[in-house]
Amino acid sequence: MVCLFRPTGRLRSPVAGLLLVASANGALAAEEAASGMEGVQQQLDVQTRQIELMKRELQRQESALAELRRQLDLNRRGRGDTPPAVAQAAPAAESPRPVGQAPAAPERPPEVAPIFEQPGVLTPPGKWIVEPSLQYSYSSSDKIALVGYTVIPAILIGLIDVRNVKSNSFTGTLALRRGITNRFELEARIPYVYRFDNTRGREVFTGQATDEFFVDSSGRGLGDVELIGRYQLNDGGGDSPYYIASMRLKTRTGKDPFEVRTSFQADGARTSGVQEELPTGSGFYSLTPGLTVLIPSDPAVFFGGISYQYSFKRDNVTPNVVPDTARANYAEIQPGGVFGFNFGMGLALNERSSFSIGYDHLSVGKTDATFENGSRAKGVRVQLGSLLLGYSYKLNSQRTLNLSLGVGVTRDTPDVQLTLRTPLSF
C-alpha cells in the first residue's frame, strides 16, 4: 500500500521564518556598518580641518620668527654687532629655515671694511653715527720754473729753476650720519686741515752746485665742509646686488688758493711764485652725484661705484699776489669735471675683523681760465689712481676701528695716504 503525503503550510513556515530572521539581521548589520563609516568619515574630516589649522598657525609662527630674525639682524647692524662682510653669511650658516618657505631677503647690504669715503651700509632709521677720522698724506714732486724769454723756439735766455717739493698734510674730520628712513641717510663732514711743504731748489745756470735754497710753508684751518645724502634704490639680497645713489655738496669754507699770499720776486727764480701760506680748501662749490653697487657673494662682498664732480665757475677772481704788477686778475675760472670710478672686494676674516682691497681712479678735466684782458689759459687733464687696502676690527658692540692705506700708482697721486676711522653708533 502506498501512502501519499501532501506538504502543508505548516511544514514551510519554519524555513520562511529563518529566512526572514536572516534577512532582518543582514539589513541591521548593513545599517550599522554604514553608520560606522559615516562616523569615521566625520572624524577624518575634523582631523583634516585641525591639521589645516595647525599648518596655517605654523606658517604664521615661521613668518613671525623670520621677521624677528630680520629685526634682530638690523638692530645688530645698527649697533655694529655684526662683523663686516659677515652679515650676509651668518644667517645662512646658523639660522634654521623652514622647509617649503623661501627665506626673507635682507633689506640692507652687508658691511665691508671701508677704503673709500662713502660707506657701504646706510645708517638705520633713528640712529646716529659719529665718525672721527684722521688722514695723513705725503707726496713728493719736482717742479721746473722757466724765467726768461725765447728768441727762437727751444732756446731760453734767462734762468731755469728746478725745485723738489715734499708735501705733508694731516686732515682730521668729524662725520655725522643720521638715518632718516630704512633706505635714506644724511651726512655732514667737517674737516680741519694742517699741511706743510718743504721746497728745495737751485737756479741751474747760476751760482755753485751747492748753492741751494730752502723754503718752508704751512697752512692750517677749517677745510671745505661737505653735505651728503644717500638712498638705497632696491631691496637686494640673494643674487640681486644693492644699488645706493648719493649726492655730495662741497662748500668752500676753507681758505682757497686765491686767498693765500703768493710772492713773485724780481731776483730771478729763487723764491718766485712761492705761497707764503698753504690753502686748506679748493675755492669752488661742487656737486658730485654717484652710484655705488654692492654684490654679496658669501663670504666675500664685491663693490664698486662711479661718480662725477661738477664744480661751479667763479667770476672776477683776484689772486693775492705781491707785488701788484705780477697780478693777473681772472674774469672767469671754470674747473674741469672730475670723473671717478672705483671697485674692490671685502672679505670676512672672522667674527670681529674683515679685510678689503680696491682701486680708486679720478680723471680731472682741464681748467679753463679767462683773464680780464681777454686772454685765455687752459690746464691739463690729470689722472689720479690709488691702490687701497683696508682693515676693520670690531672693538665692541658700538665701536669699530677701521684703518686704510692708499698707495699712489700715477705720478700726480699722493705717494701714501693713511686713514684711521672709529665710527661710534648711538
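The values are calculated or read from the model by the stated rules, or taken from the named source; none is laboratory data. Predicted, not measured: the structure shown is a model, and the values here were computed from it. Don't worry about glycine lacking a Cβ; one is built from the backbone with ideal geometry, like all the others, and counts go over all protein chains shown.
Candidates in the range 112-138 are the residues that are hydroxyl-bearing (S, T, Y) and modelled with pLDDT of 90 or more; of these, the one that is farthest from the chain's Cα centre (by Cα) is Y138. Being touching an Asp or Glu at 6+ places or on another chain (Cβ under 7 Å) and modelled with pLDDT under 90 is true of D235.
Enumerate the strands (runs of 3 or more DSSP E) found wholly within the range 324-416, keeping only those where 1 or more residues are at negative phi, free of Cβ contacts under 8 Å to residues at least 12 places away in the same chain and touching a strand residue (DSSP E or B) at 6+ places or on another chain (Cβ under 6 Å). Can you show your working first?
On the way: elements: 330-334, 338-348, 353-364, 368-371, 376-378, 382-394, 400-408.
Ranges flagged: 376-378.
No other residue among S375, S397, S425 is of a type in the set (S, T, Y), touching a helix residue (DSSP H, G or I) at 6+ places or on another chain (Cβ under 8 Å) and surrounded by fewer than 15 Cβ atoms within 10 Å (Cβ to Cβ) apart from S397. Of all the residues in the range 238-255, those that are farther than 16 Å from A188 by Cβ and either at pLDDT 90 or above or within 12 Å of the chain's Cα centre (by Cα) (or both) number 6. Only residues that are buried (at least 16 other Cβ atoms within 10 Å of the Cβ) and either in contact with a Ser or Thr (Cβ under 6 Å, 6 or more places away or on another chain) or modelled with pLDDT of 95 or more (or both) were counted in the range 279-303, giving 4. Here N329 fulfils each of the conditions (1) within 24 Å of R261 (Cβ to Cβ); (2) surrounded by 15 or more Cβ atoms within 10 Å (Cβ to Cβ); (3) not β-branched (V, I, T) apart from (2). Within the range 304-323, restricting attention to residues that are in contact (Cβ under 8 Å) with a residue 60 or more places away in the chain and in a loop (DSSP other than H, G, I, E, B), the residue that is surrounded by the fewest Cβ atoms within 10 Å (Cβ to Cβ) is T318.
Selection within the range 347-372: residues that are touching a Leu at 6+ places or on another chain (Cβ under 9 Å) and among the small types (G, A, S). The member of this set that is surrounded by the fewest Cβ atoms within 10 Å (Cβ to Cβ) is S363.
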